[in-house]
Amino acid sequence: MTQITTTFAGLKLKNPIIVSSSGLTNSAEKIKKLEAAGAGAVVLKSVFEEQITVQAGQMSGYGAPEADDYLSAYVRSNALNEHIALIKEAKKECNIPVIASINCYSTSEWTEFAKHMEEAGADALEINILSLQTEKEYKYGSFEQLHIDVLKNIKNAVKIPVIMKLGNNLTNPVALINQLYANGAAAVVLFNRFYQPDINIDTMAFTSSNVFSEANELTEKIRWTAISSASVPKIDYAISGGVHCGKGVIKSILAGASAVEVCSAIYKYGEKEIAEMTKELTEWMASKGFENIESMKGKMNANAAGSINPFERTQFMKYYSNHE
Ligand SMILES: Cc1cc2nc3c(=O)[nH]c(=O)nc-3n(C[C@H](O)[C@H](O)[C@H](O)COP(=O)(O)O)c2cc1C
């Protein structure tokens with residue numbers, strides 16, 4: 001009998017399909033439907049540090065400094081209250097693990113939020129430090145250090161598992177993952193997806209390119225999960241970005257992931273895609289003789305590649321010479 005249960009960040013999931021943080025997970029009603037459609041867990045829509053700071057800033061300038069302080073605190077606590085209410089409601093209505101999410105870019109204030117989320121019943125906390133590094137005076141390594149500092153603060157505040165969702169703008173994700181593991185992270189998610197601006201050459205206006213991912217975006221995550229899971233095997237991995245069907249789930253687990261965090265495929269094809277994914281995974285496992293996720297996890301990571309590791313290959317001499 002093929003078992004597709006998995007453990008991710010200390011959480012027991014009935015299958016590896018986690019619906020990732022997005023508008024799909026911003027209400028208990030939607031989460032209930034995702035659970036009925038077979039989701040293994042959900043990550044709630046993030047509370048954004050930027051959003052809250054901007055909101056609080058917009059509310060200022062109404063009078064005495066004390067009034068500004070009051071308004072800022074009010075807006076902050078209201079944004080938090082909404083999120084706390086969502087955690088409580090989702091926990092009441094559903095049985096699958098509910099992972100709260102904070103999108104932040106500094107070490108201030110956020111530990112306070114984390115405590116409230118834990119108290120509201122969140123099963124784990126996903127921290128997302130998605131930020132482009134563009135300062136001219138950038139100090140090398142400071143972005144990586146920020147991840148570690150944020151993690152340390154959060155770990156001091158909560159006991160629930162902490163998951164770090166990384167961007168793909170890191171020089172060496174393996175070294176950072178190793179440090180995150182040493183500082184108590186239960187899991188990492190590779191990778192979050194940046195907003196993609198574009199230029200319309202007819203109107204000479206700035207536009208947004210695809211909001212949703214394409215399936216071919218998966219290979220970058222496969223590469224880094226395969227390399228990292230071989231090098232830092234004790235932390236759990238989830239792949240997010242370009243998992244569009246059961247084959248994507250299978251590849252992710254073979255590369256070393258315990259779970260996948262999916263969003264675009266559900267937006268595009270509907271929540272029925274979750275059942276399609278678990279079906280394809282189960283059938284493939286049965287056809288290859290894998291009885292459970294643990295037995296297939298990491299089977300095709302960098303350790304399996306031997307001395308010629310394709311994941312660390314960056315030059316394509318042979319490939320290019322075959323394409324004239
Ligand atoms: C409409 C939309 C909203 C999103 N909102 C968040 C968010 O609030 N927090 C977050 O960490 N990721 C957010 N993401 C990123 C997704 O969780 C996911 O990591 C990314 O889209 C890659 O997965 P996919 O290829 O399955 O879409 C969002 C993505 C989309 C498309």
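The values are calculated or read from the model by the stated rules, or taken from the named source; none is laboratory data. Remember, predicted model here, so these are calculated numbers, not experimental data. Every residue, glycine among them, receives a Cβ derived from its backbone with ideal geometry; neighbour counts consider all protein chains shown. Note: accessible area is taken over every heavy atom of the protein model, side chains too, but ligands, DNA and RNA are not part of it. Shrake-Rupley method; radii C 1.70, N 1.55, O 1.52, S 1.80 Å.
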Next on the checklist: Could you put F212, F194 in order of accessible surface area, largest first, with the 1.4 Å probe and the full protein assembly present?
Outcome noted: F212, F194
Checklist outcome for this item: The local net charge around Q133, scoring Lys/Arg +1 and Asp/Glu -1 for residues other than Q133 whose Cβ lies under 12 Å from its Cβ, equals -1
Checklist entry - Can you give the accessible area of M300 in Å² (nearest 10), computed on protein heavy atoms with a 1.4 Å probe? => result 120 Å²
Checklist entry - Between S142 and S106, 0.36 nm times their residue separation minus their Cα-Cα distance comes to what? => result 11.8 nm
Next on the checklist: Can you tell me the length gained on complete extension of the stretch A304 to Q196, counting 0.36 nm per residue apart and subtracting the Cα distance?
Outcome noted: 35.4 nm
Item to check | Total formal charge among the other residues, if their Cβ is under 11 angstrom from that of S20, Lys/Arg +1 and Asp/Glu -1 | outcome: +1
Checklist entry - Which net charge results for the neighbourhood of A182, defined as the other residues with beta-carbon distances under 12 angstrom from its beta-carbon, given Lys and Arg at +1 and Asp and Glu at -1? => result +3
Item to check | FRET E, pair K234, N81, Förster distance 22 Å, beta-carbon r, rounded to 0.05 | outcome: 0.05
Item to check | Dipole magnitude of the chain about its Cα centre (Cβ charges: Lys, Arg +1; Asp, Glu -1), debye to nearest 20 | outcome: 1100 debye
Next on the checklist: If packing is taken as the average number of other Cβ atoms within 10 Å across a peptide's residues, how do 163-171, 234-242 rank, most packed first?
Outcome noted: 234-242, 163-171
Checklist outcome for this item: Counting only protein heavy atoms and leaving out ligands, DNA and RNA, the solvent-accessible surface of T219 at a 1.4 Å probe, in Å² to the nearest 10, equals 100 Å²
Checklist entry - To the nearest 0.05, how large is the calculated FRET efficiency for N156 and K288 if R₀ is 51 Å and r is the Cβ-Cβ distance? => result 0.70
Item to check | Greater than 25 Å apart at Cα, pairs in K221/K299; K30/K299; K155/K268 | outcome: K30/K299; K155/K268
Checklist entry - What number, in percent, do you get for the relative contact order of the chain if the mean sequence gap of Cα pairs under 8 Å and at least 6 apart is divided by its residue count? => result 18 percent
Next on the checklist: Using only DSSP helix segments of four residues or longer, with each worth -39500 (n - 2.57), what per-residue ellipticity at 222 nm results for the chain after dividing by its residue count and rounding to 500?
Outcome noted: -13500 deg cm²/dmol
Checklist entry - When you count, for each residue, the other Cβ atoms within 10 Å and take the mean per peptide, how do 223-229, 197-203, 27-33, 126-132 rank with the highest first? => result 223-229, 126-132, 27-33, 197-203
Checklist entry - For the stretch 101-164, what percent of Cα pairs sit more than 15 Å apart? => result 49 percent
Item to check | Computed over the chain, Kirkwood Rh from alpha-carbon pairs, angstrom | outcome: 20.8 Å
Next on the checklist: Rounded to the nearest percent, how much of the accessible area of the stretch 105-220 (1.4 Å probe, protein heavy atoms only) is carbon and sulfur?
Outcome noted: 52 percent
Checklist entry - Among the aspartates and glutamates, which have Cα under 16 Å from the Cα of K247 when same-chain residues fewer than 8 positions away are ignored? => result E214, E217, E220, E261, E273, E276, E280, E283
Checklist entry - What percent of all Cα-Cα pairs in the stretch 191-293 falls in each 10 Å bin, counting up from 0? => result 15, 39, 30, 11, 5, 1
